[in-house]
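J.: The structure that follows is given in the form of structure tokens.
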Amino acid sequence: MSKEMEIVNRDEQSPVMTSKTPTVTPGVDIYENDDEILLYADMPGVAKDAIAINLENGRLTINGHRSAVGEGEVQFEEFGEVEYERAFSVPQGIDINKVKANMDNGVLRLHLPKSEAVKPRQIEVQAG
């Protein structure tokens, strides 16, 4: 049996994926400065209108859906339909009315501004 034939036989015996959309945890980087918490989530192939962000009771959830792309009958697929899901606990003091998000080149950028009450401030010392 040739090596080529062995490869074909192994592929024929590999498990068949079900039609259920796989759920993936996106990679995330989180930064904090005096004014805000910045969250960058890697969600390639997700359109901005296919993202849902919810911030409620100190819990941030991010969901996104990447639709399958391509035309014709699928012969082999590694880059198909995917659901992205991730959840975080968010500290008190986030000004939820000023939260902003944008999607650029497959990266979700989420700006979570701190309320004035929790921002560090310098206290001026006066002569006595």
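What follows is calculated from the coordinates using simple rules that are stated; it is not laboratory data. Remember, it's a predicted structure, so these values are computed and weren't measured experimentally. Cβ: placed from backbone, ideal geometry, glycine included. Neighbour counts: every protein chain shown.
J.: Count charges around P22 for me, please; just the other residues with Cβ under 13 Å from its Cβ, Lys/Arg as +1, Asp/Glu as -1. Spell out each step's value before the answer.
T.: Working: positive: K20, R66; negative: E77, E78, E81, E83, E85.
Charge balance near P22 sits at -3.
J.: Report D for segment 15-119 in µm² per second (integer): Stokes-Einstein, Kirkwood Rh on Cα pairs, 20 °C, 1.002 mPa s. Could you put the intermediate results ahead of the total?
T.: On the way: Rh = 15.3 Å.
Translational D for this selection: 140 µm²/s.
J.: With θ set to phi - 60°, apply the Karplus curve 6.51 cos²θ - 1.76 cosθ + 1.60 along segment 47-52 and write out the HN-Hα couplings as whole Hz, x wherever there is a Gly or Pro.
T.: For segment 47-52, the Karplus-derived couplings read 7, 4, 7, 9, 10, 10 Hz, x marking Gly and Pro.
J.: With a cut-off of at most 12 other beta carbons within 10 Å, and DSSP calling the residue loop, which chymotrypsin sites (Phe, Trp or Tyr not before Pro) in segment 57-107 qualify? Please list them. Working shown, then result.
T.: Details: sites: F76, F79, Y84, F88; in loops: F76, F79.
Answer by residue number: F76, F79.
J.: Grab the other residues whose beta carbon is less than 10 angstrom from that of P91, score K and R as +1, D and E as -1, and report the net.
T.: Surrounding charge for P91 is 0.
J.: Please list, ordered by chain and number, the residues whose modelled amide H lies under 5 Å from the amide H of E36; skip anything fewer than 5 residues away on the same chain.
T.: Here K114 satisfy the definition.
J.: In nm, give the distance between the simple-model label positions of V24 and V69, each being 7 Å from the Cα along the Cα-to-Cβ direction.
T.: Spacing of the two 7 Å Cα→Cβ label points: 1.2 nm.
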